[in-house]
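The values are calculated or read from the model by the stated rules, or taken from the named source; none is laboratory data. None of the values given here were measured: they were computed from a predicted structure. Ideal geometry is used to build each Cβ from the backbone, glycine not excepted, and the neighbour counts take in all protein chains shown. All accessible areas refer to the heavy atoms of the entire protein, side chains included, with ligands and DNA or RNA removed. Shrake-Rupley method; radii C 1.70, N 1.55, O 1.52, S 1.80 Å.
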Amino acid sequence: MNSSSTADISFILLIFFLVTTSMDTDRGLARRLPPPPDPNVKQQDNIIVKERNVLQVRINKDNQLMVGSEYMEVSQLKAKAKEFIANPNDDENLPEKHVKNIPLLGGDCMVTENHVISVTNDVGTTYQAYLDVQNELVAAYNELRNEKAQASFGKVYAECSEDEQKAIRDFIPQKISEAEPKKYGGK
C-alpha cells in the first residue's frame, strides 16, 4: 500500500484548519505612558499631591467598590468621576482649579488638570470587576470631552480636528493612576 500522499493530505488539512480557525485576540486598555525620564534632569522623589486632587477608587476581593470614603455601585462611578474631574461648582473638597491659556477654547480657562484618579484593587478582584471600573472611568472622561466639544465646537469629540481634540485634552486631561494590587484583609 502506497502511503506517500498521506503526508500531503495531512499537510493540506492542517493548513485548512489553520486558515479557517478564528483566534481570540486579547484587547488591552488604552493608556498613554509617561515619557522616559530625562537623564540630565535630577529626579524628585517626593511628589506632593494635595489630598483634594486625588480620588481614591478601591476594589476589594468581593468586588465591592469604595470611592473616597463611601461604598457605591459601579453604575454610580461615572457620575462621581465626572463631578470630581470637572468640579463644576468649584467645591473646596474637589480638585483645585487654576487658569490655563487654551487659545482654541477662547484663551484663559479654569481647569482642574492637577487631578488624579487612583485605582487600587485587591489581588482577589475579578478581571471583569476591574474592567467595569476602568470602563466607567474612561466613559466619564469621554462624556466630559464630548460635552466640551459640543459646547465649544458644536460637534462630538471624535469629529473634531486634531488641534481641537488637543485643546479639549488640555482642558480635560485623562489622569488615571493604577497602584499595585494589594491584599485587603483576609487570611
- [ ] Just name the residue that is modelled with the highest pLDDT out of those in the stretch 45-72 that are open to solvent by 100 Å² or more (accessible area, probe 1.4 Å) and under 18 Å from residue 175 (Cβ atoms).
- [x] 51
- [ ] Output the helices (runs of 4 or more DSSP H) that fall wholly within the stretch 73-187 and possess 3 or more residues being more than 20 Å from residue 57 (Cβ to Cβ) and open to solvent by 40 Å² or more (accessible area, probe 1.4 Å), or say none.
- [x] 127-153, 162-171
